[in-house]
Amino acid sequence: MDLFVSMFAATIIAATPLIFAALGELVVEKSGVLNLGIEGMMLIGAAFGIWVHFAGFPMILAVGAAVVGGALASLMFGVLALTFMTNQYAAGLALAIFGAGVSAFIGRGFGTTPVEAIQPLHIPGLSDIPILGEMFFQFDPLVYLSFVLFAAVSWFLYRTKAGLALRAIGESPDSAHAIGYQVIRIRYLAVMFGGAMAGLGGAYLSLVYTPLWVENMTAGRGWIALALVVFAAWRPRRVIFGAWLFGGMTILQLQGQAIGLTVPTEVLSALPYVATIVVLVLISRNREAMALDFPTSLAQPFRPKG
Amino acid sequence: MNPRLELRGISKSYPGVLANDEISLTVQPGEIHAILGENGAGKSTLMKIIYGATHADAGEILCDGVAVPEHGPAVSRELGIEMVYQHFALFESLTVAENVSLSMPGNMDLKALAARIRDVSEKYGLPIDPDRRVLSLSVGERQRVEIVRCLLRNPKLLILDEPTSVLTPQAVHKLFETLRTLAQEGCSILYISHKLDEVRALCHSATVLRGGRVTGVADPRKSTSAELARMMVGNDLPEVILTKTELSHAPMLSVNNLSMASESVVGTSLKSVSLEVHGGEIVGLAGVSGNGQSELAAAISGERITNAAEDILLEGRPIGHLDAGRRRDLGLGFVPEERLGRGAVPPHELSENALLTAHRQGMVKRGMVNRKRARAFARDVIDKYSVKANGPDAKAHGLSGGNLQKYIMGREIEMAPRVLLVSQPTWGVDVGASAYIRQTLIDLSRSGAAVIVISEELEELFEICDRLYVFCHGALSHSLDRNATNVEEIGLLMSGTGGAAQTAVPSADEVRHVV
């Protein structure tokens, strides 16, 4: 039972950076823009967070810096992809590589100094409940923030007019332009939201999860976040499900390694990636349902006509 | 009183084309003003300039006497100018109410909006369900959504682009009443149409365009159709000639008691549909869109495989189990309703689009494309069917709707099909091209092929068909001889109030007797 409880909590924590990054990318893609540079933006966020933390500022500013860093990185992508209408695949890949380089550059002096990680919140009463308290009420503030942001993104996309406009632009920017929406501006906002969320995901890795600076510490999570969005058929709830699945598999394979399974560790390490993608592919087989949520204009540059 | 809208010397050129050349016109409050013109005459460009979707190179726009500077659609809508596009500006994955709310100011209250949509759609006889996704709506229903969306904003100037092509005669009647009411309430209407009779019945004045210039201003109530047509086309209209014909002995295509559940939740299921088409005749399928036409077209063309091979017979041979490509191999041609994306690949060249279906004409050898042949074929079609295009290298989406349709029709007819199924052959196509396409269909049938035309334009069906069937709720009526029926009877069958759907399939002899 203890093992289950601790694995449950560990799963939630492992899924958190993915939830941030994937929710952000979901909003970006819903507006019809494909930003492949999540990995780079996460790394920049992770490096910015540690940088500001080591400079002696409080944790909240470190997290804020990561958010700003991610947003600035995405802004570069935005200028290329939205203003200059370059190929979005190329611009995104460039950002991924650029982010890895810049973060490594920033991180040169960090060494292996561990960070004093953000501590779990103690909620009087709730945190002390046996089992349930440990499963649900002993997390750090960012985990709760990820839940709040999930609710906020779902509410925004499906309950507000701005969210409706965003989805409309993702389906047909020409029609949206024809009825008077400023497609490029709204896409910029979406892209920067995606960057900020990726930066937050990066900060979670460097300030809570690991917590120290390691070059390329995202270890492909940016790409997994990207895959989550696609295989979750652009639905927020499935993104969360996919992130938990990935987190759960990560924890399971760590346990497997710990108890000394005879399977090679490389195979075990690959398990979360394989399992997540297989399961999401299986649940996204219904093409008609996929078509409803797919942003039809994805990755196509928009040029206002006339 | 200032005119509602005044254009002074509007000019606009695109690379290689002068789309609008010094166009001036005046629309008074409460006036229904027709813009008549062939495809490519510059009507759509002019409307886009008025609406602000594109900007004029020169000229002035005055709204209620006040000059409108360079403006976008948002400004236009504030001025009370609303437009129903020919290619609808709707979002397929969203519901009707969501689509409407996107062009309404203020916050989103879908429930209240849905109620208002129901009110307006009932008041003006444009029934739509606000909770349905646009994805599941037929072309005709989508147009209703567009019109209702405009009406909800209480426009001062409403621009309608070919609005009646998808309505039943009764519904056209109703729409005209709606428009007259609106005009009486003071709303001005710009009515773009090529249907001269409708313009004469509805409009107070007309501006005729040809080649980007104003070629005439008329009072359509006092002009004859021939006079208007001459201003529009530059010469007299070609007349469609329906000649006598010899029917093949056996039916070329028969559909036998075909029932098929709809693929999507919201589509129409086919209910024991039977029909027979002989070589040498044109059979028309009338009906308001969304009553099973697209489902039957999919079943006949092979886009959907039927349950039993014997459901569909091509020259006596069961083909229900064959895919679309195999059916084409056997001589069954199909021209779908959507030109861009289904009949042709928009960003591809015409010669590449020829390959899509005409690769059967020896354009592919051992898996390799013979581009020379494809280009020669495309050039042939362009010449023979007088398609206005810059040769076989022109991109499909660069052609006007009418020209692309002529090209697609030409492509299919040049393959000498035994049976040709055409869906909406002249949707959005101008008078000259329509007449040409219709005559081509008649000639094809007279050469011994069987032609099936799905159309919502009754005039067109009456002009070219030998027999008619009427769709209603997924069922097909009995066969009607063109000479023994009339628009009113068909209209009643369309709305399901004109007697029972078909009970027995007419035998070949009966059909021959009727024709």
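The values are calculated or read from the model by the stated rules, or taken from the named source; none is laboratory data. Note that this is a predicted model, so its numbers are computed, not measured. Please note: Cβ atoms are built from the backbone with ideal geometry, for glycine as well, and neighbour counts cover all protein chains shown.
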So, of the residues in the range B:424-481 that are free of Cβ contacts under 8 Å to residues at least 60 places away in the same chain and of a type in the set (Val, Ile, Thr), which turns out to be nearest to B:LEU36 (Cα to Cα)?
B:THR426
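Residue by residue, here is whether (1) in a strand (DSSP E or B); (2) out of contact with any Pro (no Cβ under 9 Å at 6 or more places or on another chain); (3) without any contact (Cβ under 8 Å) to a residue 40 or more places away in the chain holds:
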position	(1), (2), (3)
B:ILE159	yes, yes, no
B:THR164	no, yes, yes
B:GLU177	no, yes, no
B:ARG180	no, yes, no
B:GLU198	no, yes, yes
B:VAL208	yes, yes, no
B:LYS244	no, yes, yes
B:LEU247	no, yes, no
Which pairs have Cβ atoms under 6 Å, sit 6 or more apart or on different chains, and link a residue in the range A:273-302 that is within 14 Å of chain B (Cβ to nearest Cβ) to one that is hydrophobic (A, V, I, L, M, F, W, C) and surrounded by fewer than 15 Cβ atoms within 10 Å (Cβ to Cβ)?
A:PRO301/A:MET85
Consider B:VAL148 carefully, then state whether it is aliphatic (A, V, I, L, M), more than 13 Å from every other protein chain (Cβ to nearest Cβ), more than 15 Å from A:ILE179 (Cβ to Cβ) and in contact with a helix residue (DSSP H, G or I) (Cβ under 8 Å, 6 or more places away or on another chain).
no
For the range B:381-389, state whether one or more residues are of a type outside the set (Val, Ile, Thr), under 19 Å from the mean Cα position of the chain (by Cα) and outside any loop (DSSP other than H, G, I, E, B).
no
Restricting attention to the range B:1-38, report how many residues are farther than 19 Å from B:VAL217 by Cβ, in contact (Cβ under 8 Å) with a residue 60 or more places away in the chain and part of a loop (DSSP other than H, G, I, E, B).
1
Which residue, of A:ALA104, A:ALA168, A:ALA73, A:ALA94, is assigned to a helix (DSSP H, G or I), without any contact (Cβ under 8 Å) to a residue 60 or more places away in the chain and either basic (Lys, Arg) or farther than 30 Å from B:MET104 by Cα (or both)?
A:ALA94
Residue tally, condition touching a residue at least 40 places away in the same chain (Cβ under 8 Å), in a helix (DSSP H, G or I) and aliphatic (A, V, I, L, M), over the range B:286-305:
4
Against the condition part of a loop (DSSP other than H, G, I, E, B), in contact with a strand residue (DSSP E or B) (Cβ under 6 Å, 6 or more places away or on another chain) and either away from chain A (no Cβ under 14 Å) or at pLDDT 90 or above (or both), how does B:ALA41 come out, does it pass?
yes
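Conditions (1) under 11 Å from A:SER103 (Cα atoms); (2) in contact with a helix residue (DSSP H, G or I) (Cβ under 7 Å, 6 or more places away or on another chain); (3) without any contact (Cβ under 8 Å) to a residue 12 or more places away in the chain; (4) hydroxyl-bearing (Ser, Thr, Tyr), marked per residue:
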residue	(1), (2), (3), (4)
A:LEU26	no, yes, no, no
A:LYS30	no, yes, no, no
A:VAL33	no, yes, no, no
A:LEU36	no, yes, no, no
A:MET42	yes, yes, no, no
A:ALA47	yes, yes, no, no
A:TRP51	yes, yes, no, no
A:ALA55	no, no, yes, no
A:ILE60	no, no, yes, no
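Considering only the range B:191-221, state which residues are of a type in the set (Gly, Ala, Ser) and over 17 Å from the mean Cα position of the chain (by Cα).
B:ALA201, B:SER205, B:ALA206, B:GLY211, B:GLY212, B:GLY216, B:ALA218 - these are the residues of the range B:191-221 that are of a type in the set (Gly, Ala, Ser) and over 17 Å from the mean Cα position of the chain (by Cα).
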Within the range B:4-38, restricting to residues that are small (Gly, Ala, Ser) and in contact with a helix residue (DSSP H, G or I) (Cβ under 9 Å, 6 or more places away or on another chain), the one that is farthest from the other protein chains (Cβ to nearest Cβ) is B:GLY30
Within the range A:172-209, of all residues that are within 14 Å of another protein chain (Cβ to nearest Cβ) and charged (D, E, K, R), the one farthest from B:PRO73 (Cα to Cα) is A:ARG185
For A:TRP234: the one exception among (1) closer than 28 Å to A:PRO141 by Cα; (2) surrounded by fewer than 16 Cβ atoms within 10 Å (Cβ to Cβ); (3) within 14 Å of chain B (Cβ to nearest Cβ)
(2)
Would you pick out the residues in the range B:96-114 that are at pLDDT 85 or above and surrounded by fewer than 13 Cβ atoms within 10 Å (Cβ to Cβ)?
B:LYS111, B:ALA112
Conditions first: (1) hydrophobic (A, V, I, L, M, F, W, C); (2) over 22 Å from the mean Cα position of the chain (by Cα); (3) within 14 Å of chain A (Cβ to nearest Cβ). B:VAL96 passes all but one, so which condition is the exception?
(2)
Of the numbered conditions (1) surrounded by fewer than 16 Cβ atoms within 10 Å (Cβ to Cβ); (2) over 30 Å from A:SER297 (Cα atoms), A:GLN138 fails exactly one; give the number of that condition.
(1)
Number of the condition not met by B:SER101 [criteria: (1) at the interface with chain A (Cβ under 8 Å from one of its Cβ atoms); (2) in a helix (DSSP H, G or I); (3) within 21 Å of B:ILE50 (Cβ to Cβ)]
(3)
Any residue in the range B:59-78 that is buried (at least 16 other Cβ atoms within 10 Å of the Cβ), within 14 Å of chain A (Cβ to nearest Cβ) and assigned to a loop (DSSP other than H, G, I, E, B)?
yes
Got a sec? Which of B:ASP236, B:ASP219 is closer than 15 Å to B:ILE35 by Cβ and of a type outside the set (Gly, Ala, Ser)?
B:ASP219
